[in-house]
Every structure is written in structure tokens, then in C-alpha cells.
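One structure below.
The values are calculated or read from the model by the stated rules, or taken from the named source; none is laboratory data. In this text the structure is predicted, and so the values were computed from the model without any measurement. A quick note on method: Cβ atoms are made from the backbone with ideal geometry, for glycine too, and the neighbour counts reach across all protein chains shown. All accessible areas refer to the heavy atoms of the entire protein, side chains included, with ligands and DNA or RNA removed. Shrake-Rupley method; radii C 1.70, N 1.55, O 1.52, S 1.80 Å.
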Amino acid sequence: MGKSSKDKRDSYYRLAKEQGYRARSAYKLLQLDAQFNLFKDVTRVVDLCAAPGSWSQVLSRSLVAKTSNERDITATTEKKVADSPVEISSKKPKVKIVALDLQPMTPLPGVITLQADITHPSTLPLVLKHLESDSANVDLVVSDGAPDVTGLHDLDEYIQAQLLLAALNLATCVLRPGGNFVAKIFRGRDVAELYCKLRIFFERVTVAKPRSSRGSSIEAFVVCENYTPPEGFKPSLENPIWTGPTKKEDIAGQITEVSLEDAPSGRWVAPFVVCGDLSEWDSDATYQLPDTDENGVKRVSIDPIQPPTAPPYKTAIEMRRRLGNGGKIEE
Amino acid sequence: MKSRSYVGPVTSLAFLGDDLFAGHGSDLKLFSPSGSRFTLKWRKRVFKRERIQGIQFQAPSLDCESPSGIKVLLWGGKRFQIVQLGGLDEEIIKISPEDEIPAPDWIIHSTFLESKDGITKIALMTAHNTILTYKHDLTIPMAERFKFYPSPERCLLYSANIVRDNTQSNSNSLIAFAGTVFGEVLFWKVDASDEVPVQEIGLSGRYLSHEGSVFGVSISPDLKYAASCSDDRTIRLWETNYLSTNGQLNDCLEVKEPLAIGWGHQARIWGTRFLKSDKDEIKILSFSEDLTAKTWIFNKSSPKKSLVCTQTFKSLHSASGKNIWSLAVHPSETAFVTGGADSGIASWNLGKALNVSSQSGSVEDGPTTTIQETIVNLDEILPPTSSVPGKKPVKDEPRKYVALGSHAFIVAMSSGWLLHCALSSTGSKKWQKLGFWPQIKNTSALGMGKYEENGQIKYTVLLGDNTGKLLFLEANSEGLISTEVEEVETTWVQICESRPSDILFSNSQKDYNSLYAAVATFKPNEQIMLLQIQGATARKTLSLSPPETFPFTKILVHQRGHKRILIAGSRHGALAIYDISNGDETQAIQPAQVWRHIHDDESITSLEYKSSSSLRNDEDAQFKINFISTGRSGAYKFHTLSVNDTTAEYELSETNAVYPAAVPRVESYQILQHEASNNSYEIVYGFWGRDFVLWNQTLKIEAASYDCEGGNRSWDFSFGPTDTARNDGLFVFTKAKKCHIVQFSNILHDPLLQTPFHGRELKALAVSPATLFPYQIIATGAEDTVIRFSYVNPQTSELNLLTARKTHTTGIQDLVWSSCGGWLFSSGSIEEVYCWRVNIEGPADIPNGASIGVVKEAAYDISTDSLPDLRVCGLDVMTVDGENGRHVGFLLGMVRSDSSIKLAFYDITSKKFITVAEGFYKTSCLLQICFHVTDHGSVLMFTAGTDGHVTIWDITGILIESNMTVGSKHIRLDRGLKGSSPAKLQQEQWISCQSFHQNSIKCLEVFDKGEDEVVMLSGGDDTAISVACIKFKRGEASGKGEIERSASKLIERAHASAVTTIKVVSSVDQPHLEFVSSGVDQQIKKWSLKIAEYFTEVTTEVVEDVYVNIPDVAAICLVESTVGSKLVVGGVGVEVLDL
């Protein structure tokens, strides 16, 4: 499918290109913010599993550089200020955005990008160092990470839950009390167990579906508000919770399910909220786009701001092309 | 609601000797060999919720023959079970899901350990690269049974393989290979012996170079090698160096280059297995998302660092599906089995793949189809001669073949020689020269008819010369019968005026022992000579006048009493009927009727008699002939020719049309009985690209294929002539002027242990009304673009397949049956909407061998300025009656992803859709549509979509405008439709538009309570269920329907995730309404709904809540059977439950 027909199929794909976002997922965070006012009074944010960086772009634009003609500004400033984010953030000196991913990420204005594993203990001091802080004082932790989906639903949901719990573990280490945590979640078979776990740490847990997230997808976002860890809880990346036993003593805890007073079975269903107004684009709808824009200029399908990251099978495709032979690589 | 049967991914397979264990959902199944096949012995539930992802065995001693005493370790997710077998009989084996054991984390791999104290001990590798041991001592608390070994590197795994180091006797030293989500392969060792204290362990090896997640790792039996496979479509072979590493901290070997890389899979690779290797070679088997398994060889002495693919096993799993999920190699390594995402289990012969240097031309008595090929050097039989002395000899070549069963054929040579060849099953050939006639040089007219005389199979062979003369021969598989070659000369008979182009025999009824042959010439409008033949003589000659542009390709003669009907097929896809009962030589018979475009404009390649019937007796003037045609259109079709002898009227109808995708050029269709198993199979043969393909349509698998470089050549094919020999086939053809002989044996071999279902997740499920069939037909549509027609077998509660159609090019969105059950409507993306006619073939008692015929009758027009990916998300249909009360068509409602709605009338006579009305709702995607005709005679349309609103439309006016009349609960069309352009659907027709959900309404059911009352049930992505009671009345001023009163109730958090399906399961006369709901949380909830009078109170209560092993539940339907009501739940798989 060409980019022009994808424009019609996916209005957020087209919007993202027009507004200079690296991925359509930017609108999910924008719509979550519109519903939950997530960015209010936020000065320290950590973006986990950030690549290609569309959520960091949203954070940067919302918290750091607010401009009217965003595409032009970001396109030019990205090159200019790539290595000196301090210059931009000096407008609002207090704001710190730290973006983490295992994959390298093109720099963004006002965003500190780190290539690091969110589960690794050494990541915590690294994050704190860049936050210029020695204590947990982050206002918001966001994560839009998703695994390679295999098609085995139980495995895929497990891996996604592990990503979310890894993000939660890091969040418990850096969030200030009262801070918020937003993460992608697959609303699958055992999602009620995950909600239950999150409720232990946050006063309010809501599951939210932005209108820009397709209705046919099992993806949604947990919005966890007001971080209030249980008394005596010691966050640590050496000894993360609910990601399998890390020592002998953990085993008993891992084979009995967590429970809440109002969810003794270890299952609890979070309230559901849709984010985004009905007047906004419907990500499931097919749109008939006019051939010309409001000024009568013929509509041209623009290129994505950043081409998709190289897939792991890129070399395999190159091999096949090089060898020809109808795609057969056998000798 | 008890689960009765399951179809879904096969996630694990393991051989115990010759017996095969399969993990299918939460069930463990045992397949045992019986004869050449495996049969299912039993199925037992192992886990409450988890699928069985791994199976391991432990024998008390290595040479243990009897299965008693063997222990089985089963795991899935965070659960495992240890079962003592005691034997393999169903009664002996005790497995209960209540005995499942919780593990502290997700289990990736597991193995038995040696135990000194008699208590079973196992090791588990978790998804966080952690090893735990478990002692199956039920007397101590659960947590104390586990022993924990600290991980050298806690990272997330997709795969692992842990094995005991068998080089050290009686040791629990473990070797672990793990594949991470980041593309690394980690190697570490643990001594899990009881006496060795737990200590900190370091990685022994880190193998880098994969460019994506590592989905499978395996260790060679000698522990020297490991193989990994990945998202990057490669297999990488590593040397483990397991002896030289000691597991000391900071002593990790880092390997950046594998021993060899295997390229060739076209998608992600899920797993590898080491096969028995020798000194110089390493052999590996792999399986992939691309639906193939491959064998690989690494030659240790070769300088090339590559794994060479030696054989690719094309999938027996649904070609349109995805993923082989499991694989097991038989201990003898002569065969392996694969389990698919499509629920199928298939067996494969490994022999040939392993022994690459062996001759490929030997027949084996194996369980699979075998192919034996020979190229004949005809120079040895017919030494090149020169017609003019001194001139260079002219190269002789085979021109035309007739295969006489599976072990003999006759070939006409370009030189004028006619040869007979008899083949033995060992491949030896006996040639016989039948004669040499210069006047048959380059003949293309050679025909054969088969008949049975005194229990012997005989053939009449006709050969045409260049002047219009025909030679009559009688032959069998040994050669000519009772005719000396010298005498043959005398039997040339002048039949035509010019050179014949083709001699076409009718494949007659079995009980009919006189043959017909039609002789066509090269002159287009010249009469066709029709010979009635007995033995080697023509008893009677008639002539047929061909219709315009009707070159004959096939004929079929049907005799019924004195009546003889000839059906002819043409090169341009047409059929013609001749009444040949009373013709004579003097006057050409004219065609009684011609039907064009039966196979589009493509050649009709075969005509086969199927059955015939009459209302009363054989001499009845009205009767029906059922026959089968095949064509280069790519189809085989079932036809019924209704003959009225009194009025000389003929009516042709198509009752079944199948386009087997694997054979785009269909040459013939046969139903063959497999003598050994007593099963009958539909076999289609023809060509696909370069290959001659024998396709088993019943099993939906390729029985055999042979690369002959395409079908545009001289060839013939025949199955064995008798019932016992149908398993064999003979394919003879000319390639590069040479005669090629290909003998197939065991064509009817069935390699499937378990029948495949849809290859991808099911999206739509619709059950036919119970009015026509003793069993309701369940139509299922899936992402794999296939529509399958099944029924619930009352004995097993399993879905048994009747037929399937792969005509849509996009995933199925919705399916809906007409209320009479004779038509099905289906929709997909890119605006695909099809109308299917569903006919019962044969007796209606389905389990006793009847089948259904399905014909795609029409497609709804695609708009000219079509949008890409314009999905038709929802369908509903209403019957439209004619003057005499019989239905004349249907009103089809379609809602689409661009917010548009189309209403079309489907005319069952003209087989055409006519758009009655169209319009838009808003701009949001519409998902649901339901029609409802009120008692007071209004036609209401409920639509719902992603905006969470349900809109009720009154479309009565639109229908009246187009000439329909609406009465209480019915719509009529007495005369034709009125109006040339469709009416406009607009807001004025809205009765109400109300928000019930926050976003997508995933299911909508409108239940008629009678007296103008409905109960509307909807389920949303917002996890809620909404119940609304609405009473309608006719508006006094407008005449439009109005809501008299309504009440609604929202059940928030009805499920843990999206609610995708709702079905009312109680009948209208029950005091409380009952309905079931389900969704992505895989729970099925049964609800009781009480509505007080005047809707003053609406209460709901969950009365039952059960788990199903079906991810992404998309639809539920209710099926009535002789053994009670069943719920059919569809998603990624199908589960059938008692209601």
C-alpha cells in the first residue's frame, strides 16, 4: 500500500506527517493528556522505550518549546540543537525530559536521549544523574513500549506485561510521591491481574483508550495517578517486583497471587475511559480526502518525517535480492 | 457451560516411541499408530487456563520398552504438571487440572533431573533466564519444593533449552542455552545436584550476531553444538565449547561469529532440532512462520560457513494460514510431525531429505505418496530410419498418448508408429509395436474408452488418420486383445470427410457398457460424427451439428430408458445438449440448448456423470441428470440438468462451484474410494505453473506434484482402472521430444493426524436456521480470507467440515444467513460483498456422507471511486416475499468503515444486487447493522459504530418508494422494483441516536419480544454491556415509527476487557431472558435479565462464568442438536460448549 492510500486509511498517519511527528502514536499521548491533564506542573519526565521518539516529541513540544508552526521549527531546530538541548530548555530551565531506549534514537530538542536497558540496575543512577538529582523526584513516567508480537497470545501478553512491570519498577525508583505513571497495556486474558498490581502503588488506576488507538487493537493505556507506595516498600532495580523471583525468598510470593481488599482473587478491573473528542479523527474509519486542500492546492502525500526503523530481517531481504533465484537461497 | 471440543493452535508435540503426545490448548492428546495411520486415543485436560507449551518424558531406564513407569512433564505459562503414565490406556492415566503446580515465573523450558531419593525432581528455566529446581514432594509446603539458582544475567527470554550433561554419569549438571528478546544467545551451566550448594554463577558464553529476537535454541545431543533461530530469518550454528568453560564469574566467552548461517526461510523461524549427525556433517530441522519446515546440512570440512538447505517441506497446514508452532521427530528419524496455528497435525517423511545422495527414483512402501519417473529413449525401440536412403534420418517423437489405467499406455509417434507400453510396479517396461501407418503421421486424433466385460477392464482405442479414416482397436493393459497386428490393417473405416482433430469418449455410467465417441475435425463448422461403439466396431453412427463457435472438447452421454442425452463441452466454456435418442445417419442432430460462459470463456476439460433422479420411475418424462464439469477457468462445478421429455425443455442449474487455488488449470475431478481406509476423497488434477498437481480436495492438501514444465504439451493421465488400484496413477507426457513416464502410488495417502481449521483468527460466525437441515450449518469466516462450512457432530461435539471457499481476497468481516438457510452473504475489506447459494447435495443426513454445494452467485458492485481498505464491517438481511408468498429476494444492509450504509435488493431470479438506498451516518466507522420489522409494520434499522452510539432508522418509506409493501413482520415485492436511482438515507429517517458506549460497539443484538417490543443488547470496547428495552409505535402525524417508551441499563466492567459478542440464548416464551457474552478476557458469562412491566426496573445477574481457551473471541453462536444446545465460540480457534 502506497503512502497516499495509507493516508486515507489512517488519518493519524497523515496527521503525524503533516505535523512533523515521528509516529502516529504521538496523538495517543496528546489525547491522554487532554483527558487526564498529565502535563500540568510537570518539570521532570522519564520516557521509557522511547524510540522512535514521538512521545518525547510531544513532551518536548508541550513542556519545552511551544510554537505555532511546529513542523518547520522542529525540522530545523532538530539539526541545530541536537547536541545542545540545554539551549532550548533554558527557556523553561526547570524542565527535564529523559528518554530511554535500547535502540539509538535521533536527538530531540530539550530531550536527553539515553541508550539503556530499563531493567538494568545501572540505568537508575544514569537516569538520576541526567535528572541532576539524587533522589526520586520525577513527576511523570511514560512508556509506549511493545514487544515483537509472535501470534501466541498468551506469550505476547506475558512479554508485554513484563515490559510494563519493568517500566513500573523503574517508575517506583524515580517517581516522587504523588507522581503519575502512564504505560501501554494489552487488554488481554489476564489484564485484571496487572490492574490489581498497579493499584497497590497508585491511588487511582484508569485504563484509557485514545481515539487515535485503533478499536480493533487490544492496546490501551493505564493511567496511574498519585504514586503512593505501600509503607515500608523499598524500590530497587536489583530486586524488581513481579518480574520473576530474584532470590530464594521471592518464590513464596510469586506463586501466590497478589490481592487487594476489594479484589481478593488478585483480579480487579480498572475503570475504562475513552480519551479524545468525538469530533476528532476516528482511527478505524476510512476517509474520503478531497483532492485539493482548503486553498485549492492539489493535495500531495508527504513523506514520513522519519522512515521506519530497519526491521531485523533487513539483511535477509538483501540476501534474497542479491542472490536472485526467485527468492530461493538454497544452493 | 462445559467445554466439549476445541480447535486451535497445536503448541507442543513429542514422541514416546511410536506414540505421539500433542498439546492442544489445555488438552493433552495421545495419537497411536494403527496401520499406516495415527489415530486419536484420548484427550485429557491438563491445565485450567494455560496451553501446553512443552512435553518431556523420563523413563526409569534408558532402554525401557513399556510406557508404564514413564513420567511426563508438561508445562505452559506459569503452570506445570508431572504425570506418572502407568500405561497408555485412557482408563489408566489419571490427569486432572486440579493437580497443576504454579511456578514462580513463566516457564520457557523444563527437564527431568536425576533423583537419588526416588522423589521426582525437575529443573525449570524461566523467562527471566533463571533456573529453578522443583522436588515433587507433596508433604512439604509448595514454596519449599523449589530451589533457586541466581541468574548470571536477568534478561527477558523468548526461548531456552536446558539439558542434563549426559557426558558426566549420574549427574545433575545442567547446560542452558537461552535466546533473548534482544537477539543474544546466552550459555551457562548449573550443577543442580542436591549436595552442591547454590552459588553465584557467571555466564559461560555469549553468542552475538543475530539481528532480531531469538525465538528458538537447541543443543545437539553430543552437547558440542547449539543452533539458534530468529526474527532475522536465519539459523545460526554455534560451537558450545562446553568443556572448556567453567562457569566462573568474569570468564564469559564472547562469540561474534557463528560456525555457519542458514538463509532461506521467508519469515520468522520458531524452532530448530538437531537430527542424528555423523562425523562430517551436522543435520538440522527447522520450522517457521512461513509455513515450511526445512532440513539443513553443515559440512564440517567445507570452507563455506553455510548451512545448506537440503529440502523444504511445503506446508500441509492451511496455505493461507500462518505458523507451524510445534514439531517432533520420530525416534527412528524417518518421519516428523508438525502442529500448526490452524489446529492441524501433519506427518512428513524424512527419509529422502536426510539421504541426499540416494536415488530419487525408487518406489518405497512408505506411508506417503511416492513418485517414480522415467525418461524413455524411444530410439532403442524404434531405431532411427531414413525414409529416403542416404538422407539424414528424421527424428521421431511421441505425438499423442492414451493412458490405459495406471500401468499401461499407448503412444502414437510422429513417424506413424503406434506403440503399447506395459509397466510393472517395479518400473520395468514392456513395449509392443502395434503397427506402422504412414497415413497417421503427426496425428492428433487418438481416443480411448474404457469398459468392463466379464470382470475384465478393456479399452477401445480409436486412431484417426489424415484422410478421415478411423482404426478401431481393443486393448488391455497387456496389449492388444484378440487381434493380430496383421489383421489390424483391415479395420480402417471412413468416418469423416476430412482429417479428424480429436476423438472424445464419453465417460459413461457404470452399468452402461456401450461406449460413445465423438469425432471432430479441423473444420470449425463441420458436423461432429458420433459413434456408438461396441468392442472394436461402431454399431451406429450419428452426426451432430455444432453450435456457433463451439469446438467440442468433451462429451457425456446419459441413457435413461429409451432416452439418450448428450452433453457437450466447448473450448469456450459453453455447454450444449443434444437429444440423440432417435437420430440417424441421414440428418444432423441440432443442439437442443446451449449455455455459454459456464467456465467463463475457458476450455471445458472434463464432463463426468454423478447421479440421476426422477420423481417417480425410470420411464418418467421428467428427470434430472447430475454431472460434474471441470474447466481451465480453474473450477470444478456440479450441475443439475432438468429434462422435461414431454415439452423437450431443459433447465441447467449450478449446485456447487469450487476453485481449488492449488490447481488453477483444472483438468479433471474424481471421487475416489481409498480401499484400505474406506474413506473417499475428492481428487482434482491439473496444472499449476510448471507442475502437474494431484490435489486432494477433501483433505485440502497436495497429494503429489511433478514439474513437467507446464501443461501446454501432449500428455495423458489415468488413475488405476479398478477400485483397488485407484490409489495409483500414470502421467505420460512429451518434453523435449522425449516420452516421460511418471508413476504415482499411494495418491490417497492421508498425512493428517488432525484436521486443520482456519489458518488465522476467526472473525465471523453464523449459523443457518434449523429449517432445512437436520443439522445446522455453521459458516465461519477468518482473517485467512476463507469461509468454512461445518456442522457440530452430535457424537463428538466437534466441528466437522463440509466445504470451504477461498474466494474473498481480504479477511472476512461478517457473515449472515438468509432466514431460509439457502443463501449466505459475506463481506470483507475493499468493499467485497458476495452472495452464496447453499444447496444440499445428496441425502440431507449429513453425518452419513452427504455434502453441501456452494456457489458464489453474485458480487455487490464496487463503487468507482473506491477507497482503499474500505471495509464492509456489518451485514444484515431480510427476506422479501413475492406474490405467492415464496421469497423473491432479500434486502441486504451493509455498513462500512467510511460511515456509509448501503441497502440492496438481491433478486434470486436474475442473481443480481440492485441498490435500493444509500447514505452516510456521520464520518465515524460503522460496525453493526440489525433489521427489525415491527408488528405494526415498520421496518427499522439499527446501526452502531466506533462512536458508541446506536441509531435507529425507519426505512419503511424507502422500501415503499421502491415498490415494496410492508406488513406485520414481513416485506413483499409483488411487481418489479421501482426507481432507477437509489433513495437517500439521511437523518430524517432517524428515530433516535443515542450513546450507549464510550467507544466502539463490538456487538449488537436486537431481540424481538413481540408486541412491538425489543430488547437491544450491546457490548463495547469499554468493557460494558448495555441493555435497552424499547417499545415502538407508529407516529400518528408522520407515519414513521416512534419510541413509545424505553429503559436502559449499563453494566460497567461486565468483562475485564472488550466485550466482543452477545447472544440471546433463551426463547421468547421463557420468563426471564438469558444471554451470553464474551470478550477478549476469554470469559463466557451467562446473564439472566429481568424486565419489570412498563420497564420500571431492569435487573441483570451473572448466572454462570466460565473460561474458554480462545484468545480474541470474536463471535458466539447457538446450535441446536439432538444432544442439546451447544455454544460455538470462535476467535483464535473454536470451542464448543454445552449451553
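Miscellaneous remarks
- Cα-based reach from A:Lys234 at 17 Å (exclusive), listing lysines while leaving out same-chain residues under 8 positions away: A:Lys197, A:Lys247
- Here the stretch B:999-1107 is described by how far its Cα atoms reach on the three principal axes: 50, 31, 20 Å, from widest to narrowest.
- Relative protection proxy for B:271-279, B:127-135, from highest mean packing down: B:127-135, B:271-279 (other beta-carbon atoms within 10 angstrom).
- Positive-pole candidate from B:Leu446, B:Phe996, B:Gly339, dipole of chain B, charges at beta carbon: B:Leu446
- Legend: residues in the stretch A:128-168 shielded by at least 50 square angstrom of accessible surface upon adding the remaining protein chains to the isolated chain (1.4 Å probe, heavy atoms) are A:Asp148, A:Thr150, A:Leu152, A:His153, A:Asp154, A:Leu155, A:Tyr158, A:Ile159.
- Chain B contacts chain A over a buried accessible area of about 6100 Å², both sides summed; the probe is 1.4 Å and only protein chains count.
- Those residues of the stretch B:1045-1091 for which accessible area with every protein chain present is at least 50 Å² below the isolated value (1.4 Å probe): B:Arg1053, B:Ala1056
- When the listed pairs B:Lys922/B:Lys1031; B:Lys806/B:Lys922; B:Lys121/B:Lys300 are checked against a 28 Å cut-off, the alpha-carbon distance exceeds it for B:Lys806/B:Lys922; B:Lys121/B:Lys300.
- Positive-pole candidate from A:Leu124, A:Gly179, A:Gly20, dipole of the stretch A:3-287, charges at beta carbon: A:Gly20
- Between the stretch A:213-264 and the stretch B:642-669, the Cα center-to-center distance that results, in Å: 64
- For A:Thr286, nonlocal amide neighbours, meaning residues 5 or more places apart or on other chains whose placed amide H falls under 5 Å from its own, are B:Asp898, B:Ser899.
- Peptide A:180-192 has a mean shielding of 4, counted as Cβ atoms of other protein chains within 10 Å of each residue's Cβ.
- Computed magnitude of the charge dipole of the protein assembly as shown (debye, nearest 20; Cβ of K, R +1, Cβ of D, E -1): 2480
- Database remark: amide H of B:Asn999 closer than 5 angstrom to the amide H of B:Asp1021, B:Asp1022 (H placed geometrically; neighbours at sequence offset of 5 or more, or on other chains; Pro and chain starts carry no H).
- Euclidean distance of C-alpha centroids, the stretch B:79-154 and the stretch B:1056-1127, integer Å: 38
- Each residue of the stretch B:72-81 was assigned a 3J(HN,Hα) from its phi angle through the Karplus expression (A = 6.51, B = -1.76, C = 1.60, θ = phi - 60°), giving 10, 10, 10, 9, x, x, 9, 10, 8, 8 Hz with x at Gly and Pro.
- Mean accessible surface per residue for the stretch B:953-1112, computed with a 1.4 Å probe while every protein chain stays in place, in Å²: 43
- Each residue of the stretch B:153-166 was assigned a 3J(HN,Hα) from its phi angle through the Karplus curve 6.51 cos²θ - 1.76 cosθ + 1.60 (θ = phi - 60°); the sequence is 7, 7, 9, 7, 10, 9, 7, 7, 9, 10, 9, 6, 6, 6 Hz, with glycine and proline shown as x.
- Lysine pair count for the stretch B:11-102 (Cα-Cα distance under 16 Å; residues 8 or more apart in sequence or on different chains): 11.
- Here the accessible area of chain B is 46 percent carbon and sulfur, with a 1.4 angstrom probe and all protein chains present.
- Oblate is the label for the stretch A:3-287, because a/c, from the alpha-carbon gyration tensor with a ≥ b ≥ c as root eigenvalues, is 1.5 or above and a/b does not exceed b/c.
- Sorted peptide list for A:234-247, B:921-934, B:322-335, criterion being average Cβ within 10 angstrom, highest first: B:921-934, B:322-335, A:234-247
- For B:Lys256, the aspartates and glutamates whose Cα comes closer than 20 Å to its Cα, not counting residues fewer than 8 places off in the same chain, are B:Glu153, B:Glu184, B:Glu211, B:Asp231, B:Asp232, B:Glu239.
- Inter-chain Cβ neighbour count for B:256-266, averaged per residue, equals 3 (cutoff 10 Å, partner chain atoms only).
- Neighbouring Cβ atoms from other chains, within 10 Å of the Cβ of residues in B:145-155, number 3 on average.
- Among the lysines of the stretch B:391-446, pairs at least eight places apart or on separate chains and with Cα atoms under 25 Å apart come to 16.
- Label-point separation in nm, B:Ser96 to B:Asp707, each point 7 Å along Cα→Cβ: 5.8
- Among the listed pairs A:Lys8/B:Lys1086; B:Lys610/B:Lys978; A:Lys17/A:Lys40; B:Lys314/B:Lys1086, those whose Cα-Cα separation exceeds 32 Å are A:Lys8/B:Lys1086; B:Lys610/B:Lys978; B:Lys314/B:Lys1086.
- Karplus 3J(HN,Hα) series, Hz, for the stretch B:711-722 with 6.51 cos²θ - 1.76 cosθ + 1.60 (x for Gly, Pro): x, 7, 7, 7, 7, 8, 9, 8, 7, x, x, 10
- Cβ-based charge dipole, the protein assembly as shown, positive-most Cα from B:Val1108, B:Asn129, B:Pro868: B:Pro868
- Peptide ranges B:1091-1103, B:1046-1058 listed from the most packed, as the mean C-beta count within 10 angstrom indicates: B:1046-1058, B:1091-1103
- For B:Gln697, the residues 5 or more places off, or on other chains, whose built amide H falls under 5 Å of its own are B:Glu682, B:Ile683, B:Val684.
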